[in-house]
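Trainee: Once you've had a glance at the structure underneath, I'll fire off some questions.
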Amino acid sequence: MINDFEKILNRDLRRLFTEISAFEKEENLWKTTGEITNSAGNLTLHLIGNLNYYVGSKIGDTGYERDRPAEFSMQNVPRDQILMQIEETQDMVSSVLKNLDDSRLNEEFPEALFGHLMTLGFFLIHLSGHLMYHLGQINYLRRMLETDS
């Protein structure tokens, strides 16, 4: 199962890379429209921070220190830098999860979230869903902004 989680997370990180690359105008990474409050760039920084913190720091003990408010407030980070961070996150996810075995899935995750304790397996399912959710938002926002430009 750990191998499956690694494959799914990296599959969707590759999709994130492709989605960010698909923006025709780099400045659209930092725009919103209508009542949407988070740009594709900020959602991407959020996903990178989320995975580096929970998979990297909490599971893999990488020492990553998260600045969650910056994930939503930074602007105009160059696309090439974001793409490099996505690739680095893929490498980290692979490295951390390949060093685990399935027996760890039933262990308690080292941090209580959402008001309760959970297993590592449950939390990896959550992380995958979180990535897919925001990936869909980024895709939709790109299509809205690129059509309007």
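Trainee: Residues of region 6-24 being within 14 Å of the chain's Cα centre (by Cα) and either among the aromatic types (Phe, Trp, Tyr) or not in a helix (DSSP H, G or I) (or both), which ones?
Mentor: Across region 6-24, the qualifying residue is only Phe17.
Trainee: Let me ask something else about it. Do any residues in region 6-31 that are under 16 Å from Leu45 (Cβ atoms) have Cβ atoms under 7 Å from those of residues that are at pLDDT 95 or above and aromatic (Phe, Trp, Tyr), where the two are at least six apart or on different chains, and which pairs are they?
Mentor: Leu29/Phe23
Trainee: Within region 72-116, can you find the residues that are aromatic (Phe, Trp, Tyr) and modelled with pLDDT of 95 or more?
Mentor: Answer for region 72-116, where residues must be aromatic (Phe, Trp, Tyr) and modelled with pLDDT of 95 or more: just Phe72.
Trainee: Where in region 25-121 are there helices (runs of 4 or more DSSP H), lying fully within it, with 1 or more residues that are exposed (fewer than 13 other Cβ atoms within 10 Å of the Cβ)?
Mentor: Hits in region 25-121: 68-73, 79-98.
Trainee: For region 89-128, what are the residues that are free of Cβ contacts under 8 Å to residues at least 60 places away in the same chain and polar (S, T, N, Q)?
Mentor: Once the filter is applied, which keeps residues that are free of Cβ contacts under 8 Å to residues at least 60 places away in the same chain and polar (S, T, N, Q), region 89-128 yields Ser95, Asn99, Ser103, Asn106, Thr119.
Trainee: Please enumerate the residues belonging to region 32-62 that are free of Cβ contacts under 8 Å to residues at least 12 places away in the same chain, of a type in the set (S, T, N, Q) and farther than 18 Å from Phe123 by Cα.
Mentor: Residue satisfying the conditions is Thr37 alone.
The values are calculated or read from the model by the stated rules, or taken from the named source; none is laboratory data. Small disclaimer: the values here were computed from a predicted structure and weren't measured. Cβ atoms come from the backbone with ideal geometry, glycine included; neighbour counts cover every protein chain shown.
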